[in-house]
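The values are calculated or read from the model by the stated rules, or taken from the named source; none is laboratory data. These numbers come from a predicted model, not from an experiment. All Cβ positions, glycine included, derive from the backbone under ideal geometry; neighbour counts span all protein chains shown. With ligands, DNA and RNA removed, areas are computed over all heavy atoms of the protein, side chains included. Shrake-Rupley method; radii C 1.70, N 1.55, O 1.52, S 1.80 Å.
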Amino acid sequence: MKSFIKPVIVAFSLLSVTNHAYSKAADSNQPSEQEMKAMLDMLDQLDELDRMDFREALRQASSCISSRLYSCAQEKLSEASEYANSESDKAQLARVRNDLESERKLEAKEIALAKQRKREAERRERERQREVARLRRLEMEREMESDDNLAMNTFMQGLSQGLSDLAERNAQRNLEINSAIRQANAIQEQQRREYLEEQRRAREREAEWQRKQQRYEDQQRALAEQKRKAEQERRRELELARKREAEKLARQREQERQRQEKERQLQAEKLAKQQAKKAYLDKLLSGTRLGAMNCYGEIHIGGQLPKVKPKAVGCVDVHYRVSCPVSARSTTGVLDYFTSFDMGCFGDTDKLTSDLGCKAEELKVRAVKVTECR
């Protein structure tokens, strides 16, 4: 993947985090784990695209090395180095660079060997020319000797045996000269064939290089087109993913806002009810009047509740304290489920079980707390 795409995605992720920070300041909303996981997954996808580009660049570099297109190989290795992040990636990159260096050394050796063969062929050609010159000198000497032999035959007819021996030597020498000429011609023909073969191989290598270069250019154009389409498709998919993620985040924010709004309303209603209940109970406490009465030899506590509207609590318990001024003793009690049913001893009362040392009309009764029924 191109190096400019990841900063765009990272910027988008930072923008999402900034939006959450703003939302937190506005309504105490925290980023959800799903949002963070989605951003991490997106970064993982970008890392995977980098690894795919790294492997593709190494493959193309190896292909260029096989074709001995060193500038192409160097370009692809430079591109691959941009995506080499892990130790494994760097090791693979180093191996391909070693392959490039080895291929260059091998080509240099082949070139040096070809130059050596050329020098050897030139050396053999010079030796052949020297041998031809030597054989020509021998031929001239033979002709001169032949002329001398004719003169000697004219003037020295008596020396037939010597002439016969000389003829035999000349014939043997002629055989040697002819053999040497044939050998030199064979060497020259072999060198000519080797030279022609070397030229043919050079032309084949040149043609093969041209074909490889053409294939490479065709492959590069096809890969560029394929990469362009893949890049276009990746951008389209990333844009769709970004839009889907933005829509998802917007829905989640709206749901969270509605939930918090509902919760605030419930809290407000609860607080209002609690405040209304407290105010109602406080009014009941301030307006409640209690007293003690003698009911057939027993002391009972009773009284009246004030009429408070609206009625925020359906049932109340009235906690009271009763004291005797004479003995300075006191005790507490509770009028459970008190409804202020005033019918004297037959009404809503609570029996006083402790003897405080006072008569009923001497006792002081005071409401100390009004609570909702337990």
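Key figures for this structure:
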quantity	calculated
Listed pairs Lys90/Lys227; Lys248/Lys273; Lys105/Lys229 exceeding 31 Å between Cα atoms	Lys248/Lys273; Lys105/Lys229
Centre separation in Å (Cα based) which lies between region 163-228 and region 312-355	134
Of Val365, Phe346, Ala328, farthest towards positive along the dipole that unit charges on Lys, Arg, Asp, Glu beta carbons give region 321-374	Ala328
Nearest-20 debye value, the chain charge dipole, Cβ charges on Lys, Arg, Asp, Glu	1620
Carbon and sulfur %, accessible surface of region 51-112 computed with the full protein complex present, 1.4 Å	48
Approximate spin-label separation Lys105-Arg374, in nm, with each point projected 7 Å along Cα-to-Cβ	9.6
Percent of Cα pairs exceeding the 25 Å cut-off, where the set is the chain	79
Theoretical gain in end-to-end length, Val334 to Arg95 [0.36 nm per residue, Cα-Cα removed]	76.8 nm
Where labels lie 7 Å past Cα in the beta-carbon direction, separation of Ala222 and Arg205 in nm	2.8
Accessible area per residue, Å², region 281-362 with all protein chains present, probe 1.4 Å	59
Region 308-358: C-alpha gyration tensor shape, a/c 1.5 cut-off, then a/b vs b/c	prolate
Euclidean distance between Cα centres, region 231-303 to region 97-116, Å	84
FRET efficiency for Glu269 and Phe346, using Cβ-Cβ distance with R0 set to 35 Å, rounded to 0.05	0.30
Rounded tilt (10° steps) of 70-81 against the dominant C-alpha axis of the chain	20
Residues of region 296-330 with amide N under 19 Å of the 7 Å Cα→Cβ point at Lys277	308-319
Length added when fully stretched, Ser327-Glu139, from 0.36 nm per residue minus Cα-Cα	50.5 nm
Förster-model FRET efficiency, 41 Å R0, Ala246 and Gln74, C-beta, rounded to 0.05	0.45
Acute angle (nearest 10 degrees) that the helix 5-27 long axis makes with the longest principal axis of the chain, alpha-carbon atoms	10
